[in-house]
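Take a look at the structure set out below.
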Amino acid sequence: MVVICLAGALQLRPIPTAELNHLVSEAADPASVQRCTTANHVRYCLYPGFGRDLPSVEAPVIGVLAQLPARPDQPLTVRQVLSPHLLDSTLTHGHPKRQVSQWQAQMQRAPGNAATASAIYLPVGSWPAAGGRLADAHFDVALAAAEWAVRLPPQATGNPNGLVFLPCVPLDQAREAIAIWLAILATRPPAGELQDGLGGLETGHGFQAVEVRNSMVPTWAYPGSGASYITPAVVPQTTAAGYLLASAMTNLPQQKVAHVLKSAWVMWLNWHTTDAQLAAALGIRMPSVPAPPAPLRTPKPGMTIVQPGPGSGPQNPLCTA
């Protein structure tokens, strides 16, 4: 149906109302047309024609499940969704504004437009890795599955009109490092690519941070984090500290880490349990996170300094229960 509608749009002729009604219905109620299968107690739901992608979707999830000491009671669903932005003016030209508004309202109620702790949504057009790296898409799915496994829910704060959404930050939470460690084991991305996600933190060039509780928190951009392989884009913001601890965990014998996690799994899932506590249990020192670069005081000729800092903008919420 999407292909038919796009073909009509490219010919710059109004798409029949019945076809757009069908498209919107498939987006708002994907369960009515999708084909679902259950494997390892995870439900995968894909639109017709995408069945060949099921093994690629399953692989990173299975990789995470294989490492878990225990699984959440809440089941996991991995579902394809159509983006609400699909219904743009290109598709709706020639139709009355009232009708377009009704379609847009239906699309906004579709799955994938609100965060949930029990589902991973893969937007059609981004998965399988349209024009991007399949390895990055796999890491995105693995990390989403791992965050479900450690009960790190997607949370966000923002403008009621949806103009600004700020994801929560698992500041100094052991479960974040565990989730990243699980995703690394499930997909085995190159270490150099993971290190690149620190954005030049060690040198101060390209330093990335968000503000939480009046403090600037250095962040880590995981592989594919800006590619929209997962929707909505309000998944927890990963921190540099969480990544550095997870990286240190990968240098330990896997059996040792698994034993420590299994021995106190419920404690590690508590958002009050810190990175330092996990490092101590593993018998390693908590990796130090380089301090933010000092602000420039004197601009060079022709340069305007914009130095973010506490109080300079909206704050991200802390990830909690």
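The values are calculated or read from the model by the stated rules, or taken from the named source; none is laboratory data. Just so we're clear, the structure is a prediction, and the values are computed from it rather than from any experiment. A quick note on method: Cβ atoms are made from the backbone with ideal geometry, for glycine too, and the neighbour counts reach across all protein chains shown.
Determine, yes or no, whether T238 is of a type in the set (S, T, N, Q), buried (at least 16 other Cβ atoms within 10 Å of the Cβ) and within 21 Å of A321 (Cα to Cα).
Yes; evaluated as a whole, the condition is true for this residue.
Looking only at residues that are closer than 20 Å to Q67 by Cβ and surrounded by fewer than 16 Cβ atoms within 10 Å (Cβ to Cβ) in region 181-216, which one is modelled with the lowest pLDDT?
Among residues in region 181-216 that are closer than 20 Å to Q67 by Cβ and surrounded by fewer than 16 Cβ atoms within 10 Å (Cβ to Cβ), the one modelled with the lowest pLDDT is A191.
Is it fair to say I4 is modelled with pLDDT under 90, in a loop (DSSP other than H, G, I, E, B) and β-branched (V, I, T)?
no
Does region 20-34 contain any residue that is buried (at least 18 other Cβ atoms within 10 Å of the Cβ) and of a type in the set (S, T, N, Q)?
no
Pick from region 223-235 the residues that are out of contact with any helix residue (DSSP H, G or I) (no Cβ under 6 Å at 6 or more places or on another chain) and assigned to a loop (DSSP other than H, G, I, E, B): which of them is surrounded by the fewest Cβ atoms within 10 Å (Cβ to Cβ)?
The residue in question is G226.
Within region 228-247, identify whether any single residue is small (G, A, S) and without any contact (Cβ under 8 Å) to a residue 40 or more places away in the chain, and answer yes or no.
No; the residues of region 228-247 include none that is small (G, A, S) and without any contact (Cβ under 8 Å) to a residue 40 or more places away in the chain.
What single numbered condition from (1) crowded, with 16+ Cβ neighbours inside 10 Å; (2) at pLDDT 85 or above; (3) in contact with a strand residue (DSSP E or B) (Cβ under 9 Å, 6 or more places away or on another chain) fails to hold for G63?
For G63, the exception is condition (3).
Which helices (runs of 4 or more DSSP H) sit wholly inside region 252-321 and have at least 3 residues that are touching a helix residue (DSSP H, G or I) at 6+ places or on another chain (Cβ under 7 Å) and at pLDDT 90 or above?
Ranges flagged: 254-263, 275-282.
When you go through P84, P111, P75 one by one, which is the residue that is over 15 Å from the mean Cα position of the chain (by Cα), at pLDDT 85 or above and not aromatic (F, W, Y)?
So the residue among P84, P111, P75 that is over 15 Å from the mean Cα position of the chain (by Cα), at pLDDT 85 or above and not aromatic (F, W, Y) is P75.
This table checks each residue for (1) among the charged types (D, E, K, R); (2) closer than 22 Å to E176 by Cβ; (3) assigned to a loop (DSSP other than H, G, I, E, B).
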position	(1), (2), (3)
D53	yes, no, no
R79	yes, no, no
Q99	no, no, no
Q104	no, no, no
G112	no, no, yes
P123	no, no, no
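Tally the residues that are surrounded by fewer than 14 Cβ atoms within 10 Å (Cβ to Cβ) and farther than 9 Å from Q173 by Cα, restricting the search to region 268-284.
2
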